[in-house]
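Engineer: I'd like to ask you about the structure that follows.
Read-outs: derived from the displayed coordinates by stated rules, not from any lab. All figures in this text were calculated on a predicted structure; none of them were measured in a lab. Virtual Cβ from ideal backbone geometry, glycine too; neighbours counted across all protein chains shown.
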Amino acid sequence: MVLPFVDERKEFVVGFRAQTEWKWLIAAAFFMGEIGAGMYVVSALNNYMSGALVGLLVVLVGKTAAHLLYLGRPERFWRIFAKPSTSWISRGLYAMVIFAIFGALYIAPSFDAFSWVPIDQASSGGQAILGISLLAAVVVMIYDGFVMSYSPALPFWNTTLLPVLFLSYSLLGGATLTLVMMYGSSFSNTIIQIVERLELWLIIINFLVIAVYLYTQYYSNVTARKSVMMLLKEEYSVPFIVGVVIIGLVITLIMALSFTQARLGFILVGLAISELIGDFLLRFLMLRVGIYPPVVF
Amino acid sequence: MVRWGMTIDLKRCVGCNACTAACKAKNQTPPGVFFTRVLIHEDGEYPNVSRIFIPVQCNHCSEPPCVRVCPTGASEQRDDGIVIVDQTKCIGCRACYVACPYNNRFYLDRNFIEEGYFPDVVTPPEKLKREEFPGGKGGVVAKCDFCYDRIEEGRDPACVRTCPADARKFGDLEDPESEVQKLIRQRHGKQPIPEAGTDPSIFYLE
């Protein structure tokens, strides 16, 4: 039995249905939240406070703004705090608040304007604050994956690999932006080398995670297979193969390897642009290929 | 404890969409919003082709993913199993909409109050219903509520009451002597998309 792909609210015909509510604005919110948190983690672990600050701001300003623009009733956003017991959106907001408070507390003493903050980053108290902020940042990176995978409605999303995929992409985006900022501020060569290596490994890991994700979903059920086919052969094959795989991973890898040989600014800019294109497109396309199974008996 | 449910007899349904119209009349939903609708499914190849009509609506699942994902508690399940949306709490994040495996939730735009079925005019019944709407100016999610106001008055939901082919039956799933339970047992009622594990309260009879 071959079922059509329909918008059954218009056609009243049984078939596969696309998820149509979460589109580019939600993709932008996920993208900014994840790369911002990734940037904070990579920067803070390398003791690069300017990068950590930018990461924190990307999450707090970018992600929050995109979410508020999307909400039907943004003035009621505070109600999101109500259900952390079952809702990942609610848990994510708590994580963002904890991330904002502890992240700001940890990096504040590094800046002259906030040198009065009585926290010694090297002390055990400072390290505890760092630990909490890093943990909250990791939750910010992965909770979008849990928001999507929590419901069985869309089989392509309903897998624990989704938070893993988002985590690895968050770290890659974070490492890329950190590298760009470090290069611009003529940071220590040794630290730049560490981030470079991290970048290379993350590109390879992302490639593997995407491959495993598509392979497992292709063999999981008919609806998830349809989503995989949309990415590989049907309407979203060009943005996926060209944007996510070729630009986002292959060209990024070539640029990253080139940058290790010749530390040239334009290579780094090209690396950042290609990586961010792939990073955003991945999230956008994951939302676009969410498909509901048909109601048949 | 009561658990309200419904059976839909696919052999009886003639695809007249009277249920769709009755639901529209009762809820005065704007264009494009159908709390219940009848899908057409054609199977087979010429000359052996069959056509069946599948009425769909919120299934008031006993394990509703829409309630679980809602961050504000706006989507809730009553003690009688009916899943409702409290539009005064809804923030319009549409997590419930996306999480419903049956795609039976609807988002009402902020300007839905001005959207009528006739160009440039909102009819008095539409206006009256929109003014009563608890979500006020929209920007919230809405769905079938099994006409719980009618149930509390001892009446069947509008779609059940209006079905000319008597394809829909409504009753208590917890009562083994109820008509719906008997039909489910006798006709091996099937739940839609059972692999989602949501335990819907609507059973289809073939």
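Engineer: Among the listed residues B:Ser75, B:Ser62, B:Ser50, which satisfies the condition of being among the small types (Gly, Ala, Ser), more than 14 Å from the chain's Cα centre (by Cα) and more than 30 Å from A:Lys83 (Cα to Cα)?
Structural biologist: Result of the check over B:Ser75, B:Ser62, B:Ser50: B:Ser50.
Engineer: Further, regarding this structure: Applying the selection to segment A:241-283, what residues are surrounded by fewer than 16 Cβ atoms within 10 Å (Cβ to Cβ) and touching an Asp or Glu at 6+ places or on another chain (Cβ under 6 Å)?
Structural biologist: A:Thr260
Engineer: In segment A:3-25, how many are at the interface with another protein chain (Cβ under 9 Å from one of its Cβ atoms) and not in a loop (DSSP other than H, G, I, E, B)?
Structural biologist: 6
Engineer: Something else now. Do you know which of the residues in segment A:71-87 that are assigned to a helix (DSSP H, G or I) and more than 7 Å from chain B (Cβ to nearest Cβ) is nearest to A:Ser149 (Cα to Cα)?
Structural biologist: A:Phe81
Engineer: Kindly indicate which of A:Phe146, A:Phe156 is more than 9 Å from chain B (Cβ to nearest Cβ), closer than 22 Å to A:Leu287 by Cα, buried (at least 23 other Cβ atoms within 10 Å of the Cβ) and under 21 Å from the mean Cα position of the chain (by Cα).
Structural biologist: Of the residues listed, the single one that is more than 9 Å from chain B (Cβ to nearest Cβ), closer than 22 Å to A:Leu287 by Cα, buried (at least 23 other Cβ atoms within 10 Å of the Cβ) and under 21 Å from the mean Cα position of the chain (by Cα) is A:Phe156.
Engineer: Please go through segment A:89-100 and give me each residue that is more than 7 Å from chain B (Cβ to nearest Cβ) and closer than 22 Å to A:Trp22 by Cα, ordered by number.
Structural biologist: Residues satisfying the conditions are A:Arg91, A:Gly92, A:Leu93, A:Tyr94, A:Ala95, A:Met96.
Engineer: Here is a follow-up. Mind telling me which of the residues B:Lys182, B:Lys129, B:Lys169 ends up being touching a residue at least 40 places away in the same chain (Cβ under 8 Å), in a helix (DSSP H, G or I) and farther than 24 Å from B:Ala99 by Cα?
Structural biologist: B:Lys129
Engineer: Identify the residue in segment B:66-91 that is surrounded by 19 or more Cβ atoms within 10 Å (Cβ to Cβ) and among the hydroxyl-bearing types (Ser, Thr, Tyr) and, among all such residues, is nearest to the other protein chains (Cβ to nearest Cβ).
Structural biologist: Of everything passing the filter in segment B:66-91, B:Thr72 is nearest to the other protein chains (Cβ to nearest Cβ).
Engineer: Identify all residues within segment A:204-235 that are in contact (Cβ under 8 Å) with a residue 60 or more places away in the chain, touching a helix residue (DSSP H, G or I) at 6+ places or on another chain (Cβ under 6 Å) and not polar (S, T, N, Q); write none if there are none.
Structural biologist: A:Ala224, A:Val228, listed by residue number.
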